Amino acid sequence: EDPSSSSSMQNSVAPELPGFYYDSEKNRYFRLLPGHNNHNPLTKDSMQHKAMECKRLRLLEEEEKQKQKTTRAGLNSSVLLQKRQLGLLSSTSYCRLVHELKVNCMQRRKIEIHSPDSSVAGTNNFKIIVADVACERIFTVNDVEHGGCKYGIINLSGLGKESLTVEMYDNLYFTNRKVNSVCWASLTHPDSHVKLCLMGIAETPGCASLLPASLFSSTNPGDRPGMLCSFKISTAWSCAWCLNPQADNCFSTGLTRRVLVTNVVTGHRQIFGTSSDVLAQQFATQTPVLYNGCRSGEIFSIDVRQRNRKGQSWKATRLFHGSAVTSIHLMEAEHYLMAADMAGKIKLWDLRTAKCVKQYKGHHNEYALLPLHVNEEEGLLTAVGQDCYTRIWSLQDAHLLRTIPSPHQSSKDAIPSVVFSSRLGGSRGVPGLLMAVKQDLYHFSYN
């Protein structure tokens, strides 16, 4: 049962009356009281929050009781193996179904976080976690008590089968501004740097910074390089690093009504004006083309080899969502693009025909910038909703495979951030889902 359907279930039990709340347990209506304080407990928000919390606790109990559950009838390892041996399943279909089976069997275990500074580990709430390409390290953004954010890197090499421990290294960079976007950058070697976009506050402009990952190394603490690149900009919503050699050493920044493409080495900049804020970005790898998702719902591409032009004649591919686009992901063959919006819709677009070919239902979002996580090798799509539930779909047929409740009570400041990979900790790492929520880090084993 999808937890996002709580309101529809309530309406099916009893008609909704203005100014009243229906309690299904007591089978009667209660008058809703104005205000949101502790003295007026029967407000609409508090009733909805109570219903969501009851549903979350029930799902957590079911997760503990059911060690193995499937979403498709007859899906088990012995049947899959038999069909494969009889030639009834191709290698691709067999692998995809095996991954589905593994997803259904994942169990949550808490990870112990170690740090050279004992006061660091477990003291600040996780806000964002982003894995590098090899899934050896995770860059973290944590809220701090006095306001602002702190950055760190978690080394996943200790995430073995015997023990679940990781090393976390912090540096002294603090900011009193919100971090809107983070991406890894490959400048001197793969994932050598981290790109940060900071939101401006009042008279303070936004900022784009490129930090060497070695800032967070435990070796040679006295010899650490500073920021390689940092410049003031208007409010930055998104960022992306280009891996195509035709636009070498370039990164993009999605701003308010414009796109800025910067070469780190030469300092050369290209500015493309847009009609809306750019909330999501990704470069193609086969061509120097940048894809952008906007607040207006438009998705368009830019060939960064062309010079700046006025108007919008430089836009190539153009797609349209009905709501603000919060995340985009270009598929490996670069013929398809996955996109999510603030209406909770996730769509797979065919870039050759500019048509939507699949929709992944169940995601919940109304206003947050929530990322998508696509694992094509496993055939899985993962997304965390504003309701704090992590959902996993089959890429092949858009079937919702699993809905994972948060270990913590749902709230706006406790939306989990996740990383999913079959090789957490590197090529010989362990598979699974990492979930960071509040001050805790969890591993969902994927054996």
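The values are calculated or read from the model by the stated rules, or taken from the named source; none is laboratory data. The structure displayed is predicted, hence computed values, not measured ones. Here the Cβ positions follow ideal geometry from the backbone for every residue, glycine too, while neighbour counts run over all protein chains shown. Note: accessible area is taken over every heavy atom of the protein model, side chains too, but ligands, DNA and RNA are not part of it. Shrake-Rupley method; radii C 1.70, N 1.55, O 1.52, S 1.80 Å.
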Q. What is the one condition in (1) in contact with a Pro (Cβ under 7 Å, 6 or more places away or on another chain); (2) more than 14 Å from residue 293 (Cα to Cα) that residue 336 does not satisfy?
A. (1)
Q: Kindly provide the set of residues from segment 63-78 that are assigned to a helix (DSSP H, G or I) and either modelled with pLDDT under 75 or at positive phi (or both), ordered by number.
A: 63, 64, 65
Q: Find the residue count for segment 87-106, including only residues that are under 12 Å from residue 402 (Cβ atoms) and assigned to a loop (DSSP other than H, G, I, E, B).
A: 1
**Q.** Filter result (touching a strand residue (DSSP E or B) at 6+ places or on another chain (Cβ under 7 Å), at pLDDT below 65 and on the phi < 0 side of the Ramachandran plot) within segment 118-129
**A.** 120, 121
Q: Tell me the strands (runs of 3 or more DSSP E) entirely within segment 391-447 that contain at least 2 residues that are of a type in the set (A, V, I, L, M) and closer than 21 Å to residue 144 by Cα.
A: 430-437
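Within segment 346-361, count every residue that is in a loop (DSSP other than H, G, I, E, B) and crowded, with 19+ Cβ neighbours inside 10 Å.
From segment 346-361, those in a loop (DSSP other than H, G, I, E, B) are 351-354, 361; that's our starting set.
Narrowing the set further to residues that are crowded, with 19+ Cβ neighbours inside 10 Å leaves 351.
Selection size over segment 346-361: 1.
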Q) Do we have any residue at all in segment 395-410 that's farther than 18 Å from residue 343 by Cα, buried (at least 17 other Cβ atoms within 10 Å of the Cβ) and in contact with a Gly (Cβ under 9 Å, 6 or more places away or on another chain)? A) yes
Q | Residue pairs meeting the criteria (Cβ under 6 Å; at least 6 apart or on separate chains; first within 14 Å of residue 380 (Cβ to Cβ), in segment 85-97; second at pLDDT 80 or above and among the aromatic types (Phe, Trp, Tyr)) | A | none
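Do you know which of the residues in segment 199-208 that are in a strand (DSSP E or B) and open to solvent by 10 Å² or more (accessible area, probe 1.4 Å) is modelled with the highest pLDDT? Steps first, answer last, please.
Just the residues of segment 199-208 that are in a strand (DSSP E or B), to begin with: 201, 204, 206-208.
Still in the running and open to solvent by 10 Å² or more (accessible area, probe 1.4 Å): 201, 204, 207.
Values: 201: 72, 204: 73, 207: 82.
So the residue we want is 207.
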Q) Does residue 292 fit the bill of being in contact with a strand residue (DSSP E or B) (Cβ under 9 Å, 6 or more places away or on another chain), without any contact (Cβ under 8 Å) to a residue 60 or more places away in the chain and surrounded by fewer than 21 Cβ atoms within 10 Å (Cβ to Cβ)? A) no
Q. Out of the residues in segment 1-57 that are closer than 16 Å to residue 388 by Cα and among the aliphatic types (A, V, I, L, M), which is modelled with the lowest pLDDT?
A. 51
Q: Kindly provide the set of residues from segment 418-447 that are open to solvent by 20 Å² or more (accessible area, probe 1.4 Å) and among the small types (Gly, Ala, Ser), ordered by number.
A: 422, 425, 427, 429, 445
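Here is a check on your reading of the model: is residue 249 at pLDDT 90 or above and among the polar types (S, T, N, Q)? Steps first, answer last, please.
Details: at pLDDT 90 or above: yes; among the polar types (S, T, N, Q): yes.
Against the criterion (at pLDDT 90 or above and among the polar types (S, T, N, Q)), residue 249 qualifies.
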Q) Quick one: residue 378 ticks every box in (1) surrounded by 18 or more Cβ atoms within 10 Å (Cβ to Cβ); (2) at pLDDT 95 or above bar one, so which box is it? A) (2)
**Q.** Count - residues of segment 145-196 that are aromatic (Phe, Trp, Tyr), modelled with pLDDT of 80 or more and surrounded by fewer than 16 Cβ atoms within 10 Å (Cβ to Cβ)
**A.** 0
Q: Only residues in segment 268-281 that are part of a loop (DSSP other than H, G, I, E, B) count as the first member; pair them with residues that are of a type in the set (D, E, K, R) and open to solvent by 20 Å² or more (accessible area, probe 1.4 Å), Cβ under 6 angstrom, at least 6 apart or cross-chain, and list the lot.
A: 274/257; 274/258; 276/295; 277/295
